[in-house]
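Working notes, beginning with the structure itself.
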Amino acid sequence: MQVIGFAGMAAGMLVLVAAIGLTNSSLHIPLVFGGFIMFNLLMNAGPNSTTFTLAPILFPTELRGTAGGFAAGVAKLRRTLGVFLLPILKEKFGVPSVLGNCVGCKSAGSGRYLNPRTRGHSVATLPSSRDGSGK
C-alpha cells in the first residue's frame with residue numbers, strides 16, 4: 001500500500017509540474033485537477049491509511065500504542081511545519097523547484113524500502129512480535 005501510494009503521490013506531483021509548464025494551454029486546468037486527484041486519492045489509499053496500521057504489525061505489544069501515537073504526532077508536526085515553511089520555500093525557489101523536491105521526497109518516502117526490517121517483506125510476512133518472542 002505504501003509503495004503504490006508514494007509512487008502515485010509522486011506521479012500526481014509530476015502532473016502538477018507539467019501543468020506549470022502549460023499555463024497558457026487548454027490542458028492546464030485538467031492537468032491541475034488530475035494531478036490533485038491522483039495525489040489525494042493515492043495518499044489516502046496508501047501512506048495516510050498505513051500510519052496506524054503498520055505500528056501494530058511492526059512493534060512489540062508494549063510499544064504499539066506509543067508507536068501509533070508517535071507516528072501521528074510526527075505527521076501533525078510535519079503538517080504544521082509545512083504550513084509555515086512551504087510558502088517561504090515557494091517564494092525563494094519557485095513552485096517547480098518545491099514540487100520537484102516534494103516528488104523526490106515522495107519517491108524516497110516508502111518505509112518498505114528504507115526500513116531494513118520490512119524491506120522485501122509483504123505485510124503477511126513482516127517480522128513481528130505476535131509470537132511472543134519480542135524479536
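Observations, loosely collected:
- Burial ranking of peptide ranges 27-35, 86-94 (average Cβ count within 10 Å, highest at the top): 27-35, 86-94
- Whole-Hz couplings from phi, Karplus 6.51/-1.76/1.60, listed for the stretch 9-24; x for Gly and Pro: 5, 4, 5, x, 5, 5, 5, 5, 4, 5, 5, 4, x, 10, 5, 9
Only the coordinates and a few stated rules stand behind these numbers; no lab work does. Only a predicted model underlies this, so the values are computations on that prediction, with no experimental measurement involved. Every residue, glycine as well, gets a Cβ built from its backbone with ideal geometry; the counts of neighbours run over all protein chains shown.
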